[in-house]
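**Student:** Right, I'll just put the structure down here and ask away after.
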Amino acid sequence: MVRDAVETHFAEVVGALTPGSPRDPDLPVREGTTLTGVRCRELFAVQLGSRLLDVAARVMRERDEGFYTIGSAGHEGNAAVAAAVRETDPALLHYRSGAFYLARSAQKGRLAEEGLRDVLLGLSAAAEEPGAGGRHKVFGHPDLAVIPQTSTIASHLPRAAGVGFAIERARSLGVPSPWPGDAIAVCSFGDASVNHASALSGLNTAAYGRYRGMRLPVLFVCEDNGIGISVKTPPGWVEQARHPLLEYFHADGCDLADAYDAARRAADWVRENRAPAFLHLRTVRLMGHAGSDVEIGYRTRKEIAADLERDPLVRTARLLVEAGLAQPDDLLSRYEAERDHVLKLAMECARRPRLLTADEVMAPLAPRRPDLVAAEAARVPPAQARDRALATPPELEGKLTLAQAVNRSLADAMALDPGVVVFGEDVARKGGVYGVTRGLLRRFGAERVFDTLLDEQAVLGLALGSGVSGLLPVPEIQYLAYLHNALDQIRGEAATLQFFSQGAFRNPLVVRVASFAYQKGFGGHFHNDSSIAALRDIPGIVVASPARPDDAAAMLRTCLAAARVDGSVCVFLEPIALYHARDLFDEGDGGWLAPYAPPARWAETHVPIGRARAYGDGRDLTIVTFGNGLRMSLRAAVRLTAEDVGCRVLDLRWLSPLPVEDLLRAAELTGRVLIADETRRGGGVSESVTAALVDNGFTGPIARVTSQDSFVPLGPAADTVLLSEADIEQAARRLLS
C-alpha cells in the first residue's frame, strides 16, 4: 500500500523534532497540565494503535478482506476522555472513538493486542468478534461497559440520557444494576450530529432533568472536526447549539494534555454533582470520511493541509519529545514496528470464520424461550406487596373493562418487581388521558410512576437507558400517531441492541400505546391512527394487540415476562375505543367485560406470544381480525348466523409474530377466510395475513375488508373511511356467494 499524506506527514514532522531536557515521567509532561509523562506515554500508545487500525482498514478494503473504513484518524484525543473516566462507567461511543475503546480495553488490564484484535475482527466481519459477532463493525464489549452503537445519526443520545437517569434511579430503588452507584454515563458524537432531532432530544432531556432537580450523571462529548461528510459545520456553531443548562467544558482535542485536563474536570464535575455536562473537543478529520471519500472534491488543499498540521498523533509525539521522554528516531521506529504488527494481525483476523447462514446471523436477534416466559408470567407477587399495592384484589372486583384490566395488571407487575417503572406524558398525576394508570402514583410513589416531558424520543430514550441498566421500563406513548415521531428509538436502538451485541446487552421493554380509531366524540387523524406497518417491519420485536380485558391482562403479563426472560422489545397496542367498552351486542349486556384471573390461575390462563383466540364453531366462514375488528366481527357473525351462515372468528391478538399455526387451523376448518382489518388496505395487517395463508399452502378463497387508504377526518366523516360492521357483513356475503 502506498503511504498517504497522513503517514508521510507524521514521519517528516516527528523526524524533525528537537528533543528537550528530560523530565521526570511522574511529573506533568509540561507546565500547567495534570497529564504526567507516564500517562502521556500510555495514551500515545493507544492513539498510535487507533491510527494504525485506520491504516489497516484501508489495506483490508483494498484486498477485499475488510468491509468498513470509517476511521478515527484526527479524533485520537478521545483517548483522554477514556483516561478521565472509570472503566466501569457505561460508554456509548461515536464511530470515531477508536482511541477511547483501546484505552478502555487497556484500563481493564487487557493486552494491547486484545483491543486491536477486537476492532480488526469487526472490520473483517469475523464471527468471533466480541461485540457484534461479525454483524457490524461496532465499538462494544460487555466486559468493558461499552454499549454497542450502530451508525444511525445521534440516535444513542436519548438512550445515554436514560442510562444517566437509570444509574441514579436503580440505586435509589435498590434494584441491581450493571453499573456502580457512583458511575456516570459517557456519550460521544460528532459535530454534525448536534443538529439531529435525536441529539437535540437527548441533550434537552438531560437539561430538563437538571432543571427539575433530578440526578442525571451523563457526560456528552462532542468530537467536533468541523465537517459532516462534505458539509461544513459553521465555526462556533457547536458552542451555540449545545443546551445552555448543560455545564460546558471545552478543549483542543488535538492537544492531548489540554483534552485530558478538560475531560478530567468535566468527568469529575458530573460525578460530584450527579448532573449532565457537555465536553466540546475540537478535533480534525484525517483520511477523509471513509475509504471511498475523495476530499479534494469538496475541500481545498489549504483546508486539508491545515487539518494535517493539527494531527493529534504528531502533537502527542511532540509533547513526549519536547519533554525529553522520547527520541524522534525511537518514535518512528516504534511506528514502523507497530504498523507491521497491526497489519499482520489484520491479515490473521481476515482469515477468521465469518457468519455463513441466516440462522447464524439471526441467532441473537430475538431469542424466544416460551417455557421460561410462561413460568415467569405465572410468578405471583409476595402477598404483603400485593396487599399494599391493591386495596381490593382485582379478582374480587367483579368484571372489569379493558382499561381496568391493564391498570390492575400493571399494579400486580409493580408489586412483583421493584424494577418496573411506569412513565410517559400525563401518566402520573392525571393517571393517563384515559385513566389507565390512575392510582399507580399513589400506590408506588413518584420514583416508579412519573410524568415525562412532551417528547416521544425522550420517553423511549429513558426507557432504553433504563432497560440496559437493570430496570424494566413500561413507557406509555399517548397516541399511536405520536410513536412515529420516535420510531427509530425502537427500530435503530431497541431492536438492534441484542443483535449487535450477541445478546450481551439487552433492553427489556414494554411500550404501551393508546391505539387505533373509533373514538366517540374525539377525533382527528392524530388521535385515531391505525398505522402499524412501520412497527411490523422491525425484525424481532413483539407487537401485541389485545381487544378483550382478560386477554389484555394475560398478554401484558406475557410481554413483561418476555422482557425479563428474553430481553424482548414489546409494543402493546391498546384499542382506545375499547378501553371503557362494557357491552357487546345490546346495551347493558356487559358482554365486553371480563373477570380478572386470580394469581392461582395465571399459569392456566397464560397467553403465549403468537397464539390466537377463536370464537364460535361455524364451518362456513372464518373471519380473521384483531383489535376493534374483533367486536365488530363478533357482532357481524351473530347476524350472519341468523342467516344460517356458520361463522368462527379468530382474534389474532399478536400482530408480530403472527399466530400462523392458529391461523391455518382456523382457515382449514371452514375453507374460506375473510380478513377484517381496521388498518389501511395498503400496508395493513391483512396483507401479511393473506401472504401467510398463501405461503403455507391454503388454497381456499381469501378476501379482505379494510379501512380506506386515507387519513381519518374529524367527526362523522370518519365513518366513511374506517372499517365498519356493515363492511364486514357485505364482504362475508360476497365471499360466500
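**Student:** Run the count for the chain, please: Lys pairs, Cα-Cα under 30 angstrom, 8 or more apart or on different chains.
**Tutor:** For the chain, the number of qualifying lysine pairs is 8.
**Student:** From the phi of every residue in region 80-97, what ³J(HN,Hα) in whole Hz does the Karplus formula 6.51 cos²θ - 1.76 cosθ + 1.60 yield, where θ is phi - 60° and glycine or proline is x?
**Tutor:** Per residue, the Karplus-derived 3J(HN,Hα) values read 5, 5, 4, 5, 8, 10, 8, 5, 9, 6, x, 10, 10, 9, 4, 6, 9, 9 Hz.
**Student:** Moving on to the next point. Could you order the peptides 329-337, 134-142 from most to least packed, using the average number of other C-beta atoms within 10 Å per residue?
**Tutor:** Result, highest mean first: 134-142, 329-337.
**Student:** OK, next. Quick one: which residues, 5+ away or cross-chain, put their amide H under 5 Å from the amide H of Arg704? H built at 1.01 Å from N.
**Tutor:** Ile675
**Student:** Note down the relative contact order for region 622-692 as a percent, whole number, built from C-alpha pairs under 8 angstrom at least six residues apart.
**Tutor:** Relative contact order, region 622-692: 41 percent.
**Student:** Let me ask something else. What residue among Val645, Pro598, Val543 has its Cα farthest toward the positive end of the dipole of region 522-681, where the charges are +1 on Lys, Arg and -1 on Asp, Glu, each on the Cβ?
**Tutor:** So the residue furthest toward the plus end is Val543.
**Student:** Still on this structure: How big is region 429-474 along each principal axis, measuring the range of its Cα positions in Å and listing the largest first?
**Tutor:** Here the Cα extents, ordered largest to smallest, are 27, 21, 14 Å.
**Student:** With axes computed from alpha carbons, what is the tilt in degrees of helix 549-566 against the longest principal axis of the chain, rounded to the nearest 10 within 0 to 90?
**Tutor:** That helix lies at roughly 20 degrees to the long axis.
**Student:** Now a separate question. Angle check, please: helix 328-350 long axis (alpha carbons) against the longest principal axis of the chain (alpha carbons), in degrees 0 to 90, nearest 10.
**Tutor:** 30 degrees
**Student:** Do the sum for the chain: with -39,500 (n - 2.57) for every DSSP H run of n ≥ 4, divided by all residues, what is the mean residue ellipticity at 222 nm, to the nearest 500 deg cm²/dmol?
**Tutor:** The per-residue figure over the chain is -12000 deg cm²/dmol.
**Student:** Moving to a separate point now. How many percent of the accessible area of region 615-737 is carbon or sulfur, using a 1.4 Å probe?
**Tutor:** Reported share for carbon and sulfur atoms: 51 percent.
**Student:** Separate question: Would you work out the relative contact order for region 38-167, in percent, from Cα pairs under 8 angstrom that are 6 or more residues apart?
**Tutor:** 21 percent
**Student:** If each of Val38 and Glu587 carries a label point 7 Å out from its Cα toward its Cβ, how far apart are those two points in nm?
**Tutor:** Placing both labels 7 Å beyond Cα along the Cβ direction yields 8.5 nm.
**Student:** Ok, one more. With every atom except the alpha carbons ignored, what do you get for Rg and Dmax of region 340-489, in angstroms?
**Tutor:** Final numbers for Rg and Dmax: 21.4, 76 Å.
**Student:** Oh, and also: Using the per-residue mean of other Cβ atoms lying within 10 Å as a proxy for protection, in what order, highest first, do the peptides 664-670, 412-418 fall?
**Tutor:** 412-418, 664-670
**Student:** How large are Rg and Dmax for region 73-127 when calculated on the C-alpha trace, in angstrom?
**Tutor:** 11.2, 32
**Student:** Out of Val660, Gln478, Gly435, whose Cα points farthest toward the positive end of the dipole of the chain (charges: +1 Lys, Arg; -1 Asp, Glu; placed on Cβ)?
**Tutor:** Towards the positive end, the residue furthest out is Gly435.
**Student:** Under a point-charge model restricted to the Cβ atoms of Lys and Arg (+1) and Asp and Glu (-1), what is the dipole moment magnitude of region 157-243 relative to its Cα centre, in debye to the nearest 20?
**Tutor:** About 340 debye.
**Student:** Quick check for me: using +1 on Lys/Arg Cβ and -1 on Asp/Glu Cβ, what's the dipole size of region 463-577 about its Cα centre, in debye to the nearest 20?
**Tutor:** 140 debye
**Student:** Rolling a 1.4 angstrom probe over the protein heavy atoms, how many square angstrom per residue are accessible across the chain?
**Tutor:** 38 Å²
**Student:** Just name one of Ser230, Val624, Ala554: the one whose Cα is farthest towards the positive end of the charge dipole of the chain (beta-carbon charges, Lys/Arg +1, Asp/Glu -1).
**Tutor:** Of the candidates, Ala554 comes out farthest on the positive side.
**Student:** Just to verify a number: what accessible area does His341 come out at with the full protein assembly present, 1.4 Å probe, Å² rounded to tens?
**Tutor:** 70 Å²
**Student:** Here's something else I'd like to know. Can you list the HN-Hα couplings for region 28-34, worked out from phi with the Karplus curve (6.51, -1.76, 1.60; θ = phi - 60°), rounded to whole Hz and with x for Gly and Pro?
**Tutor:** Residue by residue, region 28-34 yields x, 6, 7, 5, x, 10, 9 Hz.
**Student:** Related question: When Lys and Arg each count +1 and Asp and Glu each count -1, what net charge do the other residues less than 11 Å away from Glu376, Cβ to Cβ, add up to?
**Tutor:** +1
**Student:** Residues with amide H under 5 Å of Thr36's amide H, sequence separation 5 or more or different chain, H placed in the peptide plane at 1.01 Å from N; which?
**Tutor:** Excluding prolines and chain starts, which carry no amide H, the hits are Val29.
**Student:** Taking K and R as +1 and D and E as -1, what net charge do the other residues with C-beta under 11 Å from the C-beta of Asp709 add up to?
**Tutor:** Result for the neighbourhood of Asp709: +2.
**Student:** Taking the simple approach of a point 7 Å from Cα along Cα-to-Cβ for both Gln327 and Asp719, what is their distance in nm?
**Tutor:** Each label point lies 7 Å from its Cα, and together they span 9.4 nm.
**Student:** Using only the alpha-carbon atoms of region 60-213 as identical scatterers, what base-10 log of I(q)/I(0) does the Debye formula give at q = 0.12, 0.18 Å⁻¹?
**Tutor:** One equal scatterer on each Cα of region 60-213 leads to -0.53, -1.14.
**Student:** For Phe67, tell me the accessible area in Å² from a 1.4 Å probe, rounded to the nearest 10.
**Tutor:** Accessible surface of Phe67 is approximately 100 Å².
**Student:** Expressed as an acute angle from 0 to 90° and rounded to the nearest 10, what is the orientation of the C-alpha long axis of helix 456-467 relative to the principal long axis of the chain?
**Tutor:** Approximately 80 degrees, to the nearest 10.
**Student:** What does the extension gain come out to for Leu454 and Glu239, with contour length at 0.36 nm per residue minus their alpha carbon separation?
**Tutor:** Here the answer is 74.9 nm.
**Student:** What's the ranking of 679-692, 96-109 by average number of surrounding C-beta atoms within 10 Å, highest first?
**Tutor:** The most tightly packed comes first, giving 96-109, 679-692.
**Student:** To two decimal places, what compactness ratio does region 423-511 give when its Cα radius of gyration is scaled by 2.2 N^0.38 Å?
**Tutor:** 1.11
**Student:** Which whole-percent values make up P(r) of region 1-108 when all C-alpha to C-alpha distances are grouped in 10 Å steps starting at zero?
**Tutor:** The distribution over region 1-108 is 13, 36, 35, 14, 2, given as percents.
**Student:** A further question follows. When the C-alpha atoms of region 181-272 are aligned to their principal axes, what extent does each axis show, in angstrom, from largest down?
**Tutor:** Here the Cα extents, ordered largest to smallest, are 41, 32, 19 Å.
**Student:** I've got another one for you. Which whole-Hz ³J(HN,Hα) couplings does region 279-292 yield from phi under the Karplus relation 6.51 cos²θ - 1.76 cosθ + 1.60, θ = phi - 60°, glycine and proline marked x?
**Tutor:** 9, 9, 9, 7, 10, 10, 10, 9, 6, x, 5, 7, x, 8
**Student:** If eta is 1.002 mPa s and T is 20 °C, what Stokes-Einstein diffusion coefficient results for region 279-334, Kirkwood Rh from Cα pairs, in µm²/s?
**Tutor:** Estimated via Stokes-Einstein, D reaches 161 µm²/s.
**Student:** To continue, here is another question. Just need the relative contact order of region 413-536 here, percent rounded to a whole number, with Cα pairs under 8 Å and 6+ apart.
**Tutor:** Relative contact order comes out at 24 percent.
**Student:** Right, another one. Could you list which residues have their amide H under 5 Å from that of Thr69, counting only those 5 or more apart in sequence or on another chain, with H placed in the peptide plane?
**Tutor:** Gly291
**Student:** Can you give the three extents of the C-alpha atoms in region 48-102 along their principal axes, from longest to shortest, in whole Å?
**Tutor:** Each principal axis gives a Cα extent; for region 48-102 these are 38, 19, 13 Å.
**Student:** What would the Debye equation give as log₁₀ I(q)/I(0) for region 620-737 at q = 0.17, 0.19 Å⁻¹, counting only Cα atoms as equal point scatterers?
**Tutor:** -0.78, -0.96
**Student:** Also: Where does the charge balance sit around Arg619 when Lys and Arg score +1, Asp and Glu -1, over other residues with C-beta under 14 Å from its C-beta?
**Tutor:** Residues close to Arg619 contribute a combined charge of -1.
**Student:** Right, something else. Please give the charge dipole size of the chain, origin at the Cα centre, charges +1 on K and R Cβ atoms and -1 on D and E Cβ atoms. Round to the nearest 20 debye.
**Tutor:** 980 debye
**Student:** In Å and on Cα atoms, what radius of gyration and Dmax does region 266-382 show?
**Tutor:** 25.2, 71
The values are calculated or read from the model by the stated rules, or taken from the named source; none is laboratory data. Quick caveat: nothing in here was measured; it's all calculated off a predicted structure. Here the Cβ is made from the backbone with ideal geometry for all residues, glycine too, and neighbour counts use every protein chain on show. Just so you know, the surface numbers come from the protein's heavy atoms only, side chains and all, with ligands and any DNA or RNA stripped out. Shrake-Rupley method; radii C 1.70, N 1.55, O 1.52, S 1.80 Å.
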